[in-house]
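Quick notes on the structure that follows.
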Amino acid sequence: MSLGAATTVAAAALVAAAALVAPAAGDGDPASDYLLQRDTFTPYPPPAAASVRALAASVATVWAHGDRLKVAVVATPQDLGAVPSLFGRPAEYARFLSIELSYVYRGPLLVAMPAGFGFVRNTSAVARADAVLHGLPVSADPAALTDDAAAAVGPLEAAGVLHVADVTAPVVSAATLQARRGRRVFLRYSVSDDSRTARATVVVATVSGSPVVSFARPFAPAVAGAAYGVVWRVPRKSPRTLALCVRAVDRAGNRSKTACARVIVS
């Protein structure tokens, strides 16, 4: 990475050296938290393991083909946590859930309830998907409902409604940490992207924005809730306060905002 690029990242330390950017949590419905890191949400108590595996496999196939999909199977009001009023209203809950996930995922989302299916893509209904789902069976039994959701995946992909352009930038955060001069320290950060892959630029800078060291991390997994980092030996003549700044870019060229945090040196 060029010095100019490193300086661009480090300049954020002027205004954000103490910032720790963290994604907001969901509003009390379990799926909005669970689907941040996974592609399928199934009822509780868990349905038959074979049904859960079949749903996961069907969705994994979609991603392997270069398309996208997340699925929430909601068998009872309990599965909706703090929003039980949306039980029996799959289309409305699909939009609600899509909005909850939109800061890290804006792709297709399928909801299965005993009352039927709901489908949105980037929070909006898709007429072609609704036509595919119309008339497909749904069950009240949790295992059977999970099977119904798995069976709906193939027709949706065949209809071409699971392919989306990547327009969502990665989300990054940096963790405040303490370090000792002359010792190695793990520069911890997070990066997530709806494509699940991003490359990161990690810079340690003075609080005035002058780069001390920079790391260009290659394209690698970028999943919400996971921690990443690089190892760095702190110089013996380091200032007492530094800034750790991170930014990321996905394969489509979408760039994150820069996130910074303090590094306290002793």
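Given a 1.4 angstrom probe, I'd like the percentage of the accessible area of the chain that is carbon and sulfur, rounded to a whole number. Carbon and sulfur together cover 55 percent of it. Per residue, the accessible area of the chain comes to 46 Å², computed with a 1.4 Å probe over protein heavy atoms only. Annotation: amide H of V212 within the under-5 Å range of V204, A205, T206, sequence separation 5 or more or interchain, hydrogens built in the peptide plane. Peptides 169-176, 33-40, 125-132 ranked from most to least packed give 169-176, 33-40, 125-132, packing being the mean of other C-beta atoms within 10 angstrom over each peptide's residues.
When all protein chains stay in place and ligands, DNA and RNA are ignored, the 1.4 Å accessible-area order of K70, K257, largest first, is K257, K70.
Measuring nothing but how far apart in sequence close Cα pairs (under 8 Å, 6+ apart) lie, relative to its length, the chain scores a relative contact order of 24 percent.
Phi-derived couplings, Karplus 6.51 cos²θ - 1.76 cosθ + 1.60 at θ = phi - 60°, listed residue by residue for segment 135-142: x, 5, x, 9, 10, 8, 5, x Hz, with x used for Gly and Pro.
Amide H contacts of T197: A222, each under 5 Å away and 5 or more positions distant or on a separate chain (H built 1.01 Å from N in the peptide plane; Pro and chain starts excluded).
Helix 49-64 and the longest principal axis of the C-alpha atoms of the chain enclose an angle of approximately 60°. Mean projected area of the convex hull spanned by the Cα atoms of the chain, taken over all viewing directions: 14.9 nm².
With R₀ fixed at 30 Å, the C-beta to C-beta distance from A115 to H163 puts the FRET efficiency at about 0.65.
The values are calculated or read from the model by the stated rules, or taken from the named source; none is laboratory data. On a predicted model such as this, the values are computed, not experimentally measured, just so you know. For neighbour counting, all protein chains shown are included, and Cβ atoms are generated from backbone atoms with ideal geometry for every residue, glycine included. Note: accessible area is taken over every heavy atom of the protein model, side chains too, but ligands, DNA and RNA are not part of it. Shrake-Rupley method; radii C 1.70, N 1.55, O 1.52, S 1.80 Å.
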